[in-house]
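Take a look at the structure below.
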Amino acid sequence: MFCKIVSLSIFLSLAHSQDEDAITKLQNAVLVLQHRVSVTEAQLEKTQTRLTQADVKLQQAEMNAAALKTQLTTLKDNSGTTFVHWGRTSCPGTPSTTLVYSGAVGGTHYTSQGGAADYVCLPPNPQWNKYGNGGLSSSMYGAEYEQVDNLFGKKNAAKFHDNDVVCAVCHVASRSSQIMIPARRQCQSGWTKEYEGYLMATYEGQGGKKLFTCVDENPEVARGSFEDKNGALMYRVIAQCGSLQCPNYVQGRELTCVVCTK
């Protein structure tokens with residue numbers, strides 16, 4: 001009986017010792033877990049800080065993008081280009097094109113050795129400032145169509161010959177560049193065709209010189225303007241072979257033109 005009691009005591013002692021070891025291991029495991037949780041929380045806090053900073057940067061980038069968009073819209077509203085629609089009192093029906101004013105073509109007299117070389121689009125309602133009479137000056141004349149039978153058809157020859165040339169100044173809000181391409185009827189890829197027509201200038205045998213100008217293929221005239229007063233005249237322009245490469249150019253053919261914007 002005594003032996004049984006001693007054996008039971010030893011068993012209980014061993015069991016108690018094993019329980020203490022288990023508790024110690026459990027406590028150590030809890031400490032490790034707490035440490036890992038602490039490290040994870042610190043990492044989460046750093047990540048949260050970085051996310052907050054990234055969110056602030058994103059908001060700033062969005063504000064900058066909105067400001068740039070506003071500036072771009074403003075630039076578009078304040079940009080654009082203008083061109084003269086020679087031979088017409090209205091603008092082509094292309095998108096974003098509006099009429100600034102319409103009027104009549106003017107320039108230096110066809111016999112003048114001086115003066116200006118360009119045609120201008122004169123408004124119908126001039127505004128005067130200081131003025132006087134006498135003294136040397138340059139003069140502004142109205143422009144007339146001359147010898148345009150082949151351009152606009154023989155049946156219309158009387159309608160245009162010696163009649164005054166009209167014009168319209170047009171603004172294109174959505175495009176910022178404009179070019180006139182001689183000897184072409186179509187624009188290059190990426191450009192918008194405003195109108196096509198024929199090159200015109202003063203007659204080369206006359207004293208005055210004028211810049212080549214693209215007149216609409218379906219021109220108008222100023223009403224009641226038929227009167228042979230001459231002034232700044234407009235003749236067709238033809239190809240002359242020799243220094244001009246033929247082919248593709250053809251001797252004596254009237255040169256076309258096109259006005260393009262982009």
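Every residue, every condition in (1) under 38 Å from the mean Cα position of the chain (by Cα); (2) modelled with pLDDT of 80 or more, yes or no:
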residue: Pro126; (1), (2): yes, yes
residue: Lys130; (1), (2): no, yes
residue: Ser139; (1), (2): yes, yes
residue: Glu146; (1), (2): yes, yes
residue: Leu151; (1), (2): yes, no
residue: Lys154; (1), (2): no, no
residue: Asn163; (1), (2): yes, yes
Inset, instruction - Would you check if there is a residue in region 210-226 being surrounded by fewer than 17 Cβ atoms within 10 Å (Cβ to Cβ), at pLDDT 90 or above and closer than 20 Å to Asn248 by Cβ? - result: yes
Legend entry - Asn218 being in a loop (DSSP other than H, G, I, E, B) and in contact with a Lys or Arg (Cβ under 9 Å, 6 or more places away or on another chain): yes
Legend entry - region 167-208: number of residues that are part of a loop (DSSP other than H, G, I, E, B), open to solvent by less than 60 Å² (accessible area, probe 1.4 Å) and within 22 Å of Glu220 (Cβ to Cβ): 1
Legend entry - For Gly115: the one exception among (1) at pLDDT 85 or above; (2) surrounded by 15 or more Cβ atoms within 10 Å (Cβ to Cβ); (3) under 30 Å from Arg236 (Cβ atoms); (4) not aromatic (Phe, Trp, Tyr): (1)
Inset, instruction - Search region 121-136 for residues that are under 24 Å from Val105 (Cα atoms) and pair each with any residue that is part of a loop (DSSP other than H, G, I, E, B) and open to solvent by 100 Å² or more (accessible area, probe 1.4 Å) when their beta-carbon atoms are under 9 Å apart and the residues are at least 6 apart or on different chains. - result: Leu122/Met140
Inset, instruction - Consider Val215 carefully, then state whether it is farther than 18 Å from Thr256 by Cβ and more than 17 Å from the chain's Cα centre (by Cα). - result: no
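The values are calculated or read from the model by the stated rules, or taken from the named source; none is laboratory data. Keep in mind it's a predicted model, so treat the numbers as computed, not measured. With ideal geometry, Cβ positions are generated from the backbone for all residues, glycine too; neighbour counts draw on all protein chains shown. The protein model used for the area step is the full one, side chains on, heavy atoms only, and it has no ligands, DNA or RNA in it. Shrake-Rupley method; radii C 1.70, N 1.55, O 1.52, S 1.80 Å.
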